[in-house]
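Before any comments, here is the structure.
Just so it is clear, none of the values below were taken in a lab; they were calculated from the coordinates. Remember, it's a predicted structure, so these values are computed and weren't measured experimentally. Positions of Cβ are generated from backbone atoms using ideal geometry, with glycine treated the same way; all protein chains shown enter the neighbour counts.
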Amino acid sequence: IDEFLKSLEPVESPYRVDGKLTRNAKKGRKIFEKAGCAKCHPEPLYTDTQPYNVGVGTGREEGQVFDTPMLVENWRTAPFLYDGRAATMRDVLTTFNKQDKHGKTTNLSDEELADLTEFILSQ
């Protein structure tokens, strides 16, 4: 099963145009770097496979560490977070990131958040 899963090719994101990042997603790539997202989500799979406490645990999971998920094909995996409480990627970056433990996003404008979200969903 492991070999089969490793042989699968990712499906291209519908957020891309002719296989390429849009203008907004290219701006989002720069924000991805600036916000520190790339530290834990480096290319090519956009994960470092390490566990971190990014402040999303609740109840019995409060303070828990979670493995860094890869962002490839994340556009098809909503809802997000370990328990599915983030309906959108923007929710991950805003509503569930009040302390900036999951990337420094609290200081981003609405436009920057939209560009960052588009970049992430383009993987």
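Just checking the listed ones, Glu111, Glu62, Glu12: in the Gaussian network model of the chain with Cα springs under 10 Å, the one fluctuating most is Glu62.
For the stretch 53-99, the gyration tensor built on C-alpha atoms gives a prolate shape. Its axis ratio a/c (a ≥ b ≥ c) is at least 1.5, and a/b is the larger of a/b and b/c. The GNM of the chain, with springs linking C-alpha atoms under 10 angstrom apart, assigns the highest mean-square fluctuation among Ala38, Ala25, Ala87 to Ala87.
Annotation: for a label point projected 7 angstrom from Cα along Cα→Cβ of Glu73, residues of the stretch 14-35 with backbone N closer than 17 Å are 14-16. Structure remark: mean-square fluctuation, Gaussian network model of the chain, C-alpha springs under 10 Å; the largest value among Val54, Val65, Val11 belongs to Val11.
Taking a straight Cα-Cα cut-off under 18 Å and skipping sequence neighbours fewer than 8 places away in the same chain, the lysines within cross-link reach of Lys104 are Lys27, Lys30, Lys34, Lys39.
Once Rg and the Kirkwood radius are both taken over the C-alpha atoms of the chain, their ratio Rg/Rh works out to 0.96. From its DSSP helices (H runs of at least four residues, each -39,500 (n - 2.57)), the chain gives a residue-normalised ellipticity at 222 nm of -8500 deg cm²/dmol.
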